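Participant: This is the structure, below, for whatever I ask next.
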Amino acid sequence: MKKKTTVYEDEEAKRQKYAEEHIVECPHCGEGVFDHMKTCPHCGGKLDPKGYNPLTDKQIKKIKTVTWIVGMVIAVTVVILYFALWKK
């Protein structure tokens with residue numbers, strides 16, 4: 001008969017599986033490290049991160065521009081609605 005697991009045990013098993021999928025061997029010392037690390041915490045050797053791609057300056061600028069435009073549209077909409085409802 002299969003033992004019933006708790007929600008905590010299921011979540012812990014998922015986290016453990018995820019961690020195991022993202023561990024690679026350090027080419028300098030052979031220890032296990034996460035694939036997104038830039039330096040090995042064991043030997044300090046430089047690593048080539050595979051699981052993480054940082055945003056480029058162009059992507060960051062685009063995100064800031066879109067965020068600013070959306071914020072301004074929301075602000076203008078709020079002001080228009082405020083005056084439209086205030087006049088009634």
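Participant: Excluding Gln16 itself, calculate the net charge of residues whose Cβ lies under 14 Å from the Cβ of Gln16, where each Lys or Arg counts +1 and each Asp or Glu counts -1. Present the calculation step by step, with values, prior to reporting the outcome.
Facilitator: Details: positive: Lys14, Arg15, Lys17; negative: Glu9, Asp10, Glu11, Glu12, Glu20, Glu21.
Net local charge, Gln16 excluded: -3.
Participant: Could you tell me the relative contact order of region 1-53? Use alpha-carbon pairs under 8 Å, at least six residues apart, and round to a whole percent. Please list the in-between numbers first.
Facilitator: Details: 47 pairs, mean separation 11.7, N = 53.
That works out to 22 percent.
Participant: At 222 nm, what helix-only mean residue ellipticity would the chain give, in deg cm²/dmol to the nearest 500, using -39500 (n - 2.57) for each DSSP H run of four or more? Walk me through the numbers on the way to the answer.
Facilitator: Working: 2 runs with 45 residues, N = 88.
So the calculated ellipticity at 222 nm is -18000 deg cm²/dmol.
Participant: Quick one: angle between helix 7-21 and the longest Cα principal axis of the chain, in degrees between 0 and 90, rounded to 10, please.
Facilitator: Here the helix axis deviates by roughly 70 degrees.
Participant: Give, rounded to the nearest 20 debye, the magnitude of the charge dipole that the chain has about its Cα centre when Lys and Arg contribute +1 at Cβ and Asp and Glu contribute -1 at Cβ.
Facilitator: Numbers: 15 positive and 11 negative charges, 155 e Å.
Charge dipole, the chain, about its Cα centre: 740 debye, nearest 20.
Participant: Continuing with the same structure: Please tell me which of these pairs span more than 27 angstrom C-alpha to C-alpha: Lys14/Lys64; Lys38/Lys61; Lys17/Lys61; Lys17/Lys62; Lys38/Lys58? Mind dumping the intermediate values first?
Facilitator: Values: Lys14/Lys64 34 Å; Lys38/Lys61 24 Å; Lys17/Lys61 36 Å; Lys17/Lys62 35 Å; Lys38/Lys58 22 Å.
Pairs exceeding 27 Å: Lys14/Lys64; Lys17/Lys61; Lys17/Lys62.
Participant: Right, next: Give the angle, between 0 and 90 degrees and rounded to the nearest 10, that separates the Cα long axis of helix 57-86 from the longest principal axis of the Cα atoms of the chain.
Facilitator: Result, in degrees: 40.
Participant: Kindly identify region 27-68 as rounded, prolate or oblate by the Cα gyration tensor criterion: order the square roots of the eigenvalues as a ≥ b ≥ c, call it rounded if a/c is under 1.5, otherwise compare a/b with b/c, prolate if a/b is larger, else oblate. Don't skip to the answer; put the middle values down first.
Facilitator: On the way: a/c = 4.53, a/b = 4.06, b/c = 1.12.
It is prolate, given that a/c is not under 1.5 and a/b is the larger ratio.
Participant: Summing +1 for each Lys or Arg and -1 for each Asp or Glu, what net charge is found among the other residues whose Cβ lies under 15 Å from the Cβ of Asp35? Working shown, then result.
Facilitator: On the way: positive: Lys17, Lys38, Lys46, Lys50; negative: Glu20, Glu21, Glu25, Glu31, Asp48.
Net of charged neighbours comes to -1.
Participant: Note down the net charge around Lys46, summing +1 for each Lys or Arg and -1 for each Asp or Glu among other residues with Cβ under 15 Å from its Cβ.
Facilitator: Values: positive: Lys38, Lys50; negative: Glu25, Glu31, Asp35, Asp48.
My count for the surroundings of Lys46 gives -2.
Rule-based calculations on the coordinates, nothing more; no lab input. For clarity, every value in this text was computed on a predicted model and none was experimentally measured. Note: ideal-geometry Cβ built from the backbone for every residue, glycine included; neighbour counts use all protein chains shown.
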